[in-house]
Amino acid sequence: MTAKRIAIAGFQHETNCYGVTKAGLAEFEMADSWPSMLLGAQVVSETAGMNLPAAGFAAAATAVGFEVVPILWCSAEPSAHVTDHAFETICGMLLDGIRAAGQIDGVYLDLHGAMVTESLADGEGEVLRRVRNLVGPEIPVVASLDLHANISAQMVEHADYLSIFRTYPHLDMAETGARCVPVLQRLLAGETLSKAFQAVPYLIPLHAQYTGSAPFEEIYQLPARFEQQDVLTEIALGFTAADFPDTGPSCVAYAATANKAAAAVEDIVNLFLAQETRLDCSMLSLEEAILTGRQRREKPVVLADVQDNAGAGGTSDTTGLLAALIEGGVTNVLMGLFNDPESAEQAHAAGEGALVNLAIGAKSNLAGHVPVKAEFEVLALGDGTCRYTGEMYGGGIATLGKTAALRLVGHKAEIDLVVTSIRNQCLDRAHFTHIGLNPTSYSVICVKSTAHFRADFEPIAEEVFAVSSPGTFLCDLKKISYTRITRRLPIAAGSAADDVPDTVGYSGATPA
């Protein structure tokens with residue numbers, strides 16, 4: 001019996017509509033948190049063993065006897081909109097690759113679910129539409145999506161099955177890709193799955209989406225329960241920096257009948273509504289962060305600079321938290337990662353052990369942001385090749401560009417920090433240890449990350465706090481000037497229902 005031939009491709013971007021720089025073709029071609037653009041056989045060979053959806057799918061597909069036909073895989077660090085040129089070029093490569101593959105029996109796509117281009121609000125919906133138009137209605141098309149996907153009716157229409165991460169931090173990326181394989185087997189055997197799709201009526205800020213906390217510990221038990229009833233359910237929590245009518249949480253169900261699928265999504269949305277007031281949307285002010293940093297504990301306290309996260313399109317060069325810690329005289333602090341190629345270059349020119357005057361951060365020309373000007377000792381230098389050691393990305397390699405570990409001098413505050421030349425979210429202890437800094441030896445660890453850091457830093461921390469410091473990825477949703485959002489803010493713990501608008505549509509300052 002001839003093996004079923006499955007085309008596999010990936011095209012990943014999480015778009016922050018309030019970001020500073022756009023994602024052009026070069027950003028998809030380069031390596032950053034993830035590998036550079038991969039073509040043909042590289043899609044499998046260069047991702048094997050990594051916690052990536054495409055890697056999980058390829059391994060599981062091979063194990064059941066499918067012939068994997070790799071086309072391409074690429075991603076760009078989250079940023080503002082994907083340029084039309086990049087989108088059209090990559091889509092063209094993807095479709096040309098499928099055409100050149102000859103006879104195929106199915107398609108798997110590794111997508112994000114929150115891509116917005118210069119011309120398209122629903123990037124993934126358009127990718128799926130074009131693939132469907134190419135292969136026709138009879139070829140199964142399955143795709144994996146990020147937990148932060150903003151799912152549209154178009155995505156659901158053109159994909160036979162959408163598999164979505166169930167953890168944040170995303171520890172199950174490979175598992176999510178692999179989950180497409182048994183569904184694809186069922187579809188290739190001639191089974192038909194009815195679909196149902198329903199949106200949750202409120203937004204959830206990303207720092208409140210941590211799946212190790214209430215109410216998600218209960219919500220994410222539902223897929224396993226429904227599977228016992230022969231219903232496949234998938235849940236997305238949405239990406240709030242994408243100004244798009246479908247932004248927000250939603251769920252999809254697949255079952256033998258439309259009624260079974262519809263009943264499942266109704267049950268899921270009802271649980272979201274019942275659990276709404278358990279959401280923890282709190283953040284420390286900068287003043288509270290200083291007081292917290294001064295308190296000594298047996299283990300480090302982690303202060304997360306959640307609104308300056310490269311992994312959500314932040315610039316990773318805002319200095320609000322750094323300036324506050326210096327002003328507050330907080331000691332024994334480790335902080336990173338600052339995207340500051342200029343300071344990294346100056347540190348490399350000065351050499352290890354040198355004292356150098358630097359203007360740290362604020363290189364992105366954001367209104368109201370200024371660099372921290374001070375003298376620093378150059379503790380260590382590196383080329384930015386950083387092998388992840390934590391659970392989320394373990395086995396992969398981050399590309400940081402020229403990197404420097406620096407120590408503030410001449411101040412009461414005691415702060416070590418890491419500057420890089422390529423934006424990366426600080427989510428793995430290796431971001432510090434690869435350049436000789438041991439996070440466990442500090443009293444305070446400050447990470448530019450929203451929740452992914454929890455997988456590797458929470459085990460060594462006494463406590464973890466989100467901090468409200470200015471950045472281009474706002475977690476305080478009231479401050480975002482949405483123009484296309486249709487859902488309301490959540491009634492979080494401690495909030496009054498009267499304080500929550502029916503829909504979101506604020507005229508406050510656009511994050512810039």
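Here are the numbers for this structure:
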{"item": "Identity of the residue in segment 222-239, part of a loop (DSSP other than H, G, I, E, B) and under 22 Å from the mean Cα position of the chain (by Cα), that ends up nearest to residue 263 (Cα to Cα)", "result": "237"}
{"item": "Residue in segment 130-140 that is on the phi < 0 side of the Ramachandran plot and in contact (Cβ under 8 Å) with a residue 60 or more places away in the chain present", "result": "no"}
{"item": "Qualifying positions in segment 18-51 - out of contact with any Ser or Thr (no Cβ under 9 Å at 6 or more places or on another chain) and part of a loop (DSSP other than H, G, I, E, B)", "result": "40, 41, 47, 48, 49, 50, 51"}
{"item": "Enumeration of residues in segment 288-308 that are in a strand (DSSP E or B) and either surrounded by fewer than 22 Cβ atoms within 10 Å (Cβ to Cβ) or touching a helix residue (DSSP H, G or I) at 6+ places or on another chain (Cβ under 7 Å) (or both)", "result": "301, 302, 303, 305"}
{"item": "Index of the failed condition, residue 335 passing every other in (1) more than 17 Å from residue 449 (Cβ to Cβ); (2) not in a loop (DSSP other than H, G, I, E, B)", "result": "(1)"}
{"item": "Close pairs (9 angstrom Cβ cut-off, 6 or more residues apart or separate chains): at pLDDT 95 or above and of a type in the set (S, T, N, Q) in segment 267-281, in a helix (DSSP H, G or I) and surrounded by 16 or more Cβ atoms within 10 Å (Cβ to Cβ) anywhere", "result": "275/216; 275/219"}
{"item": "Odd one out for residue 67, checked against (1) in contact (Cβ under 8 Å) with a residue 60 or more places away in the chain; (2) more than 18 Å from residue 159 (Cβ to Cβ); (3) surrounded by 16 or more Cβ atoms within 10 Å (Cβ to Cβ)", "result": "(3)"}
{"item": "Filtered residues of segment 205-221 (kept if in a helix (DSSP H, G or I), without any contact (Cβ under 8 Å) to a residue 60 or more places away in the chain and surrounded by 14 or more Cβ atoms within 10 Å (Cβ to Cβ))", "result": "216, 219"}
{"item": "Sole residue being at pLDDT 95 or above, assigned to a loop (DSSP other than H, G, I, E, B) and not assigned by TED's automatic domain parsing to the domain that holds residue 400, chosen from 8, 98, 104", "result": "104"}
{"item": "Options 45, 33: the member that is modelled with pLDDT under 95, of a type in the set (S, T, N, Q) and either assigned by TED's automatic domain parsing to the domain that holds residue 174 or more than 18 Å from residue 393 (Cβ to Cβ) (or both)", "result": "33"}
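The values are calculated or read from the model by the stated rules, or taken from the named source; none is laboratory data. On a predicted model such as this, the values are computed, not experimentally measured, just so you know. Note that we place each Cβ from the backbone using ideal geometry, even for glycine, and neighbour counts take in every protein chain shown.
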